[in-house]
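These notes concern the structure reproduced below.
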Amino acid sequence: MTRHPVRAAVFGTGSWGTAFGMVLADAGCEVTLWGRRPELVEAVNTTRTNPDYLPGVELPASLRATTDPAEAADGADFTVLAVPSQTLRINLAAWAPLLPADTLLVSLMKGVELGTAKRMSEVIEEVAKVPGERVAILTGPNLAKEIAARQPAAAVVACRDEEAATRFQAACHTPYFRPYTNTDVVGCELGGAVKNVIALAVGIADGMGLGDNTKASLITRGLAETTRLGLAMGADAHTFAGLAGMGDLVATCSSPLSRNNTFGKNLGRGMTLQETIAATKQTAEGVKSCESVLDLARRHDVDMPITETVVSIVHEGKPPLVAVKELMARSAKPERR
């Protein structure tokens with residue numbers, strides 16, 4: 001019996017949703033993007049480009065777009081969610097009844113929900129009423145514009161069901177995109193969420209004119225506090241030394257393509273929060289998630305001083321110079337605590 005080509009629905013036509021839709025199409029999947037804006041969907045279908053988020057990138061013929069979520073979901077073996085993390089709950093509540101009973105839900109989102117302090121996979125399980133074995137995440141050092149240029153990159157597909165992770169690995173494996181599998185969903189999600197917060201800190205330091213020693217220290221100690229939180233939540237320490245941890249952290253903290261790094265730079269240069277938001281065209285997940293990450297840390301009694309510093313600057317109006325001095329004035333202690 002001839003099986004139909006693998007079908008994937010991607011909910012979200014931003015830069016990463018579109019770029020990953022391209023990856024899936026290049027890997028041989030039939031891909032349908034869902035977008036809320038008719039003019040953008042029309043542009044994808046008629047010009048084979050996403051002019052707002054990936055101008056100049058030609059999209060594969062096996063990728064199409066629609067504003068109808070039922071049409072996007074129809075027959076999807078994989079349902080990929082690529083919306084801002086704080087909008088996931090309300091969006092998925094509308095989409096869940098439309099999803100095929102056996103589809104694997106895959107999160108591209110890197111955030112922690114405000115109020116509940118839930119990871120994205122937990123929100124998906126709750127709203128879609130599916131077991132954790134039906135939910136996967138894709139994470140790693142994956143800057144959308146570089147992926148769209150088909151530059152070599154690697155990622156991690158994490159799912160409690162290893163066979164499901166392997167199936168999705170095969171569905172998105174291309175000559176330029178190399179996915180690995182992992183069953184540590186908690187560690188992989190935390191690595192992706194907290195690195196956005198650390199990237200804000202590194203960007204702030206850069207905007208203040210501080211040097212590479214400062215930025216390297218923030219990256220390293222940021223990884224330490226991410227690992228502390230992960231271990232308190234049952235994650236595998238090795239995850240944070242891999243693509244979902246150090247890999248994603250380095251890319252997000254060092255690249256000018258990083259939204260969170262750029263957002264932090266503007267704050268460090270003296271722009272107000274509102275001015276920085278106005279100058280930012282796409283969602284910088286760490287801006288909201290820094291509060292929910294700190295909430296999560298406090299629930300697990302984990303010390304995360306860099307995260308606390310970012311929250312104090314972004315949401316409490318503390319001048320960056322004062323916040324940095326306070327961070328440096330903390331009492332001395334052994335490195336591995």
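Here are some notes:
- Gyration tensor (alpha-carbon) shape descriptor, the range 210-289, a/c threshold 1.5: prolate
- A 1.4 Å probe, protein heavy atoms only, puts the accessible area of Thr220 near 80 Å².
- For the range 276-337: accessible area per residue (Å², 1.4 Å): 61
- Residues of the range 1-110: accessible area per residue with a 1.4 Å probe, Å²: 41
- Measuring only protein heavy atoms, the 1.4 Å probe finds Arg89 accessible over about 70 Å².
- When the C-alpha to C-alpha distance is required to be over 19 Å, the pairs from Lys110/Lys288; Lys215/Lys325; Lys195/Lys318; Lys288/Lys318 that qualify are Lys195/Lys318.
- One way to sum up the overall shape of the range 1-57 is the equivalent ellipsoid from its Cα gyration tensor, whose semi-axes run 22, 11, 10 Å, largest first.
- Relative to one another, the C-alpha centroids of the range 137-215 and the range 315-332 are positioned 29 Å apart.
- q = 0.11 Å⁻¹: log10 I(q)/I(0) that the Debye formula gives for the range 263-337, counting C-alpha atoms only: -0.32
- Carbon-plus-sulfur accessible fraction, the chain (probe radius 1.4 Å, protein heavy atoms only): 53%.
- Distance distribution note for the range 197-337: the fraction of Cα pairs above 22 angstrom is 33%.
- If you look at the Cα atoms of the range 110-251, you get an Rg and a Dmax of 15.6, 48 Å.
- Structure-based [θ]222 nm, the chain - -39500 (n - 2.57) summed over DSSP H runs of at least 4, per residue, nearest 500: -14000 deg cm²/dmol
- Tilt relative to the chain, helix 38-47 - C-alpha long axis, 0 to 90 degrees, to 10: 60
- Between 0 and 90°, nearest 10: helix 286-299 axis offset from the chain longest Cα axis: 70
- Value of Rg to Rh for the chain, rounded to two decimals, is 0.97; Kirkwood radius and Rg both from alpha-carbon coordinates.
The values are calculated or read from the model by the stated rules, or taken from the named source; none is laboratory data. None of these values were measured; they are calculated from a predicted model. Protein only, heavy atoms only, side chains kept; ligands, DNA and RNA dropped before computing areas. Shrake-Rupley method; radii C 1.70, N 1.55, O 1.52, S 1.80 Å.
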